[in-house]
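Just so it is clear, none of the values below were taken in a lab; they were calculated from the coordinates. None of these values were measured; they are calculated from a predicted model. All Cβ positions, glycine included, derive from the backbone under ideal geometry; neighbour counts span all protein chains shown.
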Amino acid sequence: MENFEISAIDISMTDQNALKRAVAAKALEYVRPGMKLGLGSGSTAEIFVELLAAHAGGKTLTCVPTSENTAALARKLGLSLAELDDAAPLDLTIDGADEADRDLNLIKGGGGMLLREKIVAAASRKMVVIADSSKLVAKLGKYPLPVEVVAFGHKSSAARLKAVLAAAGYPQVPMSLRQRDGAVFKTDSGNVIYDIAFGAIQDAPKLASAISAVPGVVEHGLFIGIATTLLIAGADKITVIEPGK
């Protein structure tokens, strides 16, 4: 089947919103009629959902949202939604990132949706990540890593997490419980998030395994070996990064 047709977009500019729109439009080239499609969360992913609805009409796609906000937007725009268990495996997930490196490792979860984002991405045959050039880094970690923790006993879980991080070579790393509007932030699944400011992560896969082993940790924002294509919008072009290229 042919891709959805899109018009050319001039990205000879540095406005971040324009870059987000340009890379979201580029992602439409990966979508084909009849696909089962995972819809990401966050500002760039929401722009993609808007463009998708405008060009596809939602009649030939089955979409699985990664958050309640994305679900509400997609429903408002007339896209056809399904539960993941009814649609999996998905053909493709398109989502944004808070940081990405050229090995296609990601940090996600700035919006607090990392658990569902990772579940949907892991249930997809491919994951296309869309971001502007500010998100592409040589080494992950400047953006604080979100770690989703069960609300029950979360302070005890955080203490265990600190000990594990110290043993992994990150002693006294700043860690903060996420707040929003003066209250502890809760995810769509009712969990809390601790943001960890590593500065630089030396071995992302090793760190991911160490964090996952801590009792009470539900998920972390390191996406390792999940993304298959990275689309990066710069001032004059969109760079496509794939394994081995």
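Screening the chain for DSSP H helices whose Cα atoms reach 15 Å or more along their own axis and whose mean Kyte hydropathy is at least -1.0 gives 16-27, 43-56, 154-167. Only one residue of F152, A121, A131 has its Cα farthest out toward the positive end of the dipole of segment 81-189, where Lys and Arg carry +1 and Asp and Glu -1 on Cβ, and that residue is F152. For the pair T60 and K139, a Förster radius of 45 Å applied to the C-beta separation gives a FRET efficiency near 0.65, rounded to the nearest 0.05. When the charge dipole of the chain is built from unit charges on Cβ atoms (+1 for Lys and Arg, -1 for Asp and Glu) and taken about the Cα centre, the candidate among A227, A200, Y170 whose Cα reaches farthest toward its positive end is Y170. For the chain, the dipole from Cβ point charges (+1 on Lys and Arg, -1 on Asp and Glu) about the Cα centre works out to 500 debye, to the nearest 20.
Local charge for T70 was computed over the other residues whose Cβ lies under 15 Å away, with Lys and Arg +1 and Asp and Glu -1, and equals -2. Relative to the Cα centre, the charge distribution of segment 76-127, modelled as +1 at Lys and Arg Cβ and -1 at Asp and Glu Cβ, gives a dipole magnitude of about 80 debye. Beta bridges assigned by DSSP with both partners in segment 81-184 are antiparallel in approximately 45 percent of cases.
Between L81 and N17, the simple spin-label model (points 7 angstrom out along Cα→Cβ) gives 2.5 nm. The alpha carbon convex hull volume per residue for segment 95-245 rounds to 115 Å³. Placing R0 at 25 angstrom, the Cβ-Cβ distance between K206 and R125 gives a FRET efficiency of 0.40 after rounding to 0.05.
What percent does the relative contact order of the chain come to when contacts are Cα pairs within less than 8 Å and at least six residues apart? Across the chain, relative contact order equals 22 percent.
Counting neighbouring Cβ atoms within 10 Å and putting the fewest first, the residues T187, T93, T239 line up as T239, T187, T93.
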